[in-house]
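J.: Shown below is the structure under consideration.
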Amino acid sequence: MLSTPRGYRGMVTAPHHLASQAGLEVLREGGNAVEAMIAMAAAIPVVYPHMNAIGGDGFWLIDAGDGRPVAGIDACGAAASILSPAWYKRQGHETIPSRGPLAANTVAGTVSGWGAAYEMAKTLGGKLPLSRLVEPGAYYAENGYPTTASQTRFTAEKRAECESAPGFKKAFLPGGKVPQPGSRFVQSALAATLRRIGAEGTESFYRGKLAEAIAGDLKRAGSPVTIDDYKRHKAKIVTPLTVNVPGARLYNMTPPTQGLASLLILALFSRFKPTRADGPEFVHALVEATKLAFRVRDKHVKDPAYMAQEAQSLLADARVAKLAAQFDPHLAAPWPQAPQKGDTIWMGAIDAQGRMASFIQSIYWEFGSAVVGDETGILFQNRGTSFSLEKGAPQELAAGRKPFHTLNPAMAHFDDGRTMVYGTMGGDGQPQTQAAIFSRYAWYGHTPQEAISAPRWLLGRTWGTATTKLRLESRFAPGIVAALKGMGHDLETLADYTDLMGHAGMVVRTPAGDGGSALLEGGTDPRSDGQVGAF
C-alpha cells in the first residue's frame, strides 16, 4: 500500500509523473492552482499521448478558494457543419467509422478551455505567461521522454486499426516499429505547435494562423471539419451541477458530460450505504446505484440544446428518493444496457490559498481517430463516433451538435471546511470509480491513497472490451466474491491492479487551526504512471 503524501504549500496529482512535476514547478514559482493545471494540461498530451491530446476536448471545475461560486468550463467541440446522417450514408457508411479522417469529425475544444482557464487564473492573481506554462510539454515533445509501458502496450494492441490513418505511422511508429518502454519518444511538430500556442495565445488555435495550419492538416487528411468550424468554436463558462450528501456538497460538470450520473450515484448510495466498506454490501450498493443513475443518464444526457429537462432538476431530493426506493439490498437488478467506452486523463491541483482545479481531457478511444496532422503534430479525437446515424436516436448526429461525453471532473466542499478535487478516466468507469474513492474517503475513514489503491470494480465495459459483466480486481476476498454471486451479479475476475479500473487521483485540503498552515493530502493511482507532487 502506498503512503498518502502530505504537504502545506501546494499539491498536484496526475497519471504521469512528468505532468505532475510540471504543475509542481509552477506552484513553486508562485503560480496558482489554475496556472499549474494549464502546465499539466500541456504536458500530459505529450507524455501520455495514447490517453489524450490537444486534438481532443476538456472540462474544468475551478474554485477560487475565497467563497466565490465554483465555475465550470465546457471546452467541448461540436460536429462539423457539413455533417448529417445522410452525409455519411452518401460516403457509403451506415455507422460513423471509429478510426480515420471520417472519425475526426468534431472540433478539438480543449485548448479553448486552457484559454478560458488562463483568463480565470489572472483574476486569481496569476502572472505567469502562457509561454511559460506550455514550455514543459513543448520541451518533452522536442527533446523526448521515456516511453511508458502503457504507451507501448496500447500502440501494439491498436496498431492494426490505427496505422492506416493519415499521419499515425510517422507519429507513433518511429522506424516502423512500436516504441519500447524506456525508449526516447520525440514529437517535434507537436513541440512547435505548443510553443505557437504559448506565443500566439489559445485564440490562434481557432481563429489565427495556427487555425489555418490545423485546417490544412484536416483537409489533407480528409476530415470534414473546416476552419469555419474552428472559428465558430468557443469555450463556455457554466455553473456546475451540484448535490448535497451527508457531510459534503458535491460538484460536477453539466451535460454533455455524464457528471449528472456521478453525482446521482453518490446521492443514491448515501441513502442506503452500509455500515462498512469491506463487505459485499458496499460493492452491491454502489453497483446498484450505478445502474439506477446510468438509466437516468442514458435517457436524458446529451447536448444541453437538445435536452427537454434541466440536468440540475434531475438531482432534486424527490427524484433521488423515488429512485432510491427501487434499490434491493439483496438482489442485483438486470443490466442489459450498452456501455460507454472512453480513454482519458484526470488531474487535480490545490494551492496554499485553497484555490482548486479539477480537470479532465480526452480523445475518446486510445489514440482517438488515429489521425495526426502532418504540419501541427496534433492527434485528433474520435469523440464524434458516439453520434448515431439512426433517425430519432438520443444522440442523433446533427451539424454543430456536441457529442455525449463520459468526461466529468469532480469537486467537493465538506461541512467541516475540507475541500477536495478528485476524478479518474475510463468511460463508464469514471462515475463508478469516483463513487468508490469518494465514499471510502468521506464516509469510511480511508486516507486518499488508501481509497484509491483499494480494490475496485467495473460494471460495463471500457477500453475496447465487449462484456457488460461486473468485473472485480482479484484482491477482493473470496467471501465477498461468493456473496456478490449469490446476490445475482454476473462476475468476472481480473488482475490485482488493472488499468481497466481507470487512473484515479485525489487532493484534499484541511483548513489550518490555531494559525497554522492548511494540510494538503493526496493520492495517485498505482494502476497508472502517476505521482502526487507536493511541497
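J.: Go through segment 488-517 and report how many residues are closer than 22 Å to Gln430 by Cα, open to solvent by less than 50 Å² (accessible area, probe 1.4 Å) and in a loop (DSSP other than H, G, I, E, B).
T.: Restricting attention to segment 488-517, the residues satisfying the condition of being closer than 22 Å to Gln430 by Cα are 489-508.
Restricting the remaining residues to those that are open to solvent by less than 50 Å² (accessible area, probe 1.4 Å) gives 489, 491, 494, 498-508.
Restricting the remaining residues to those that are in a loop (DSSP other than H, G, I, E, B) gives 489, 498, 502-504.
Selection size over segment 488-517: 5.
J.: β-branched (Val, Ile, Thr), modelled with pLDDT of 95 or more and either under 24 Å from the mean Cα position of the chain (by Cα) or open to solvent by less than 10 Å² (accessible area, probe 1.4 Å) (or both): does that describe Ile197? Break it down into steps so the answer makes sense when it comes.
T.: Values: β-branched (Val, Ile, Thr): yes; modelled with pLDDT of 95 or more: yes; either under 24 Å from the mean Cα position of the chain (by Cα) or open to solvent by less than 10 Å² (accessible area, probe 1.4 Å) (or both): yes.
When the stated conditions are applied, Ile197 passes them.
J.: Given the criteria among the hydroxyl-bearing types (Ser, Thr, Tyr), at pLDDT 95 or above, out of contact with any helix residue (DSSP H, G or I) (no Cβ under 7 Å at 6 or more places or on another chain) and open to solvent by less than 30 Å² (accessible area, probe 1.4 Å), does Thr110 qualify?
T.: Working: among the hydroxyl-bearing types (Ser, Thr, Tyr): yes; at pLDDT 95 or above: yes; out of contact with any helix residue (DSSP H, G or I) (no Cβ under 7 Å at 6 or more places or on another chain): yes; open to solvent by less than 30 Å² (accessible area, probe 1.4 Å): yes.
Here the answer is yes, as Thr110 does meet what is asked.
J.: Find the residue count for segment 292-303, including only residues that are open to solvent by 10 Å² or more (accessible area, probe 1.4 Å) and in contact (Cβ under 8 Å) with a residue 60 or more places away in the chain. Even if it seems obvious, please write down each step before you answer.
T.: Initially, segment 292-303 is screened for residues open to solvent by 10 Å² or more (accessible area, probe 1.4 Å), giving 292, 295-296, 298-300, 302-303.
When the remaining residues are screened for being in contact (Cβ under 8 Å) with a residue 60 or more places away in the chain, the result is 298-299, 302-303.
Total meeting the criteria: 4.
J.: Please go through segment 214-238 and give me each residue that is within 17 Å of Gln381 (Cα to Cα), more than 23 Å from the chain's Cα centre (by Cα) and part of a helix (DSSP H, G or I), ordered by number.
T.: Across segment 214-238, the qualifying residues are Ile214, Ala215, Gly216, Asp217, Leu218, Lys219, Arg220, Ala221, Ile227, Asp229.
J.: Next question, about the same structure. Quick one: Thr376 ticks every box in (1) open to solvent by 40 Å² or more (accessible area, probe 1.4 Å); (2) closer than 30 Å to Ser164 by Cα except a single one, so which number is it?
T.: In the conditions (1) open to solvent by 40 Å² or more (accessible area, probe 1.4 Å); (2) closer than 30 Å to Ser164 by Cα, Thr376 misses (1) alone.
J.: Here is a follow-up. For Ala156, which of the numbered conditions (1) more than 18 Å from Ala22 (Cβ to Cβ); (2) among the small types (Gly, Ala, Ser); (3) in a helix (DSSP H, G or I); (4) touching a strand residue (DSSP E or B) at 6+ places or on another chain (Cβ under 8 Å) fails to hold?
T.: Exception for Ala156: condition (4).
J.: Okay, moving on. Yes or no: His233 buried (at least 17 other Cβ atoms within 10 Å of the Cβ), over 22 Å from Ala412 (Cβ atoms) and touching a Gly at 6+ places or on another chain (Cβ under 8 Å)? Show your work before the answer.
T.: On the way: buried (at least 17 other Cβ atoms within 10 Å of the Cβ): yes; over 22 Å from Ala412 (Cβ atoms): yes; touching a Gly at 6+ places or on another chain (Cβ under 8 Å): yes.
Yes; evaluated as a whole, the condition is true for this residue.
J.: Got at least one residue in segment 83-91 being open to solvent by 10 Å² or more (accessible area, probe 1.4 Å) and of a type in the set (A, V, I, L, M, F, W, C)?
T.: Residues of segment 83-91 that are open to solvent by 10 Å² or more (accessible area, probe 1.4 Å), as a first pass: 84-87, 89-91.
Then keep just the ones that are of a type in the set (A, V, I, L, M, F, W, C); that gives 86-87.
Looking for residues that are open to solvent by 10 Å² or more (accessible area, probe 1.4 Å) and of a type in the set (A, V, I, L, M, F, W, C), one finds at least one in segment 83-91, hence yes.
J.: Would you check which residues across segment 130-168 are of a type in the set (A, V, I, L, M) and under 15 Å from Glu366 (Cβ atoms) and list them?
T.: Within segment 130-168, the subset of a type in the set (A, V, I, L, M) is 130, 133-134, 138, 141, 149, 156, 160, 165.
Matches in segment 130-168: Ala149, Ala156, Ala160, Ala165.
J.: Restricted to segment 314-346, and to residues that are under 30 Å from His50 (Cα atoms) and not in a loop (DSSP other than H, G, I, E, B), which residue is modelled with the highest pLDDT?
T.: The extreme case among them is Trp346.
J.: Would you confirm, using the coordinates I've provided, whether Asp416 is at pLDDT 95 or above, open to solvent by 10 Å² or more (accessible area, probe 1.4 Å) and under 30 Å from Leu218 (Cα atoms)? I'd like the intermediate steps shown before the answer.
T.: Values: at pLDDT 95 or above: yes; open to solvent by 10 Å² or more (accessible area, probe 1.4 Å): yes; under 30 Å from Leu218 (Cα atoms): no.
No.
J.: Given the condition assigned to a helix (DSSP H, G or I), surrounded by 20 or more Cβ atoms within 10 Å (Cβ to Cβ) and at pLDDT 95 or above, answer yes or no: does some residue in segment 474-487 qualify?
T.: Our first condition is that a residue be assigned to a helix (DSSP H, G or I); within segment 474-487, this holds for 478-486.
Pick out the ones that are also surrounded by 20 or more Cβ atoms within 10 Å (Cβ to Cβ) and you get 484.
Next, from what is left, pick out any that are at pLDDT 95 or above: 484.
Within segment 474-487, one or more residues are assigned to a helix (DSSP H, G or I), surrounded by 20 or more Cβ atoms within 10 Å (Cβ to Cβ) and at pLDDT 95 or above.
The values are calculated or read from the model by the stated rules, or taken from the named source; none is laboratory data. What you see is a predicted model; the values in this text were computed from it and never measured. Every residue, glycine as well, gets a Cβ built from its backbone with ideal geometry; the counts of neighbours run over all protein chains shown. Side chains are part of the model used for accessible areas, which takes the heavy atoms of the whole protein and leaves out ligands, DNA and RNA. Shrake-Rupley method; radii C 1.70, N 1.55, O 1.52, S 1.80 Å.
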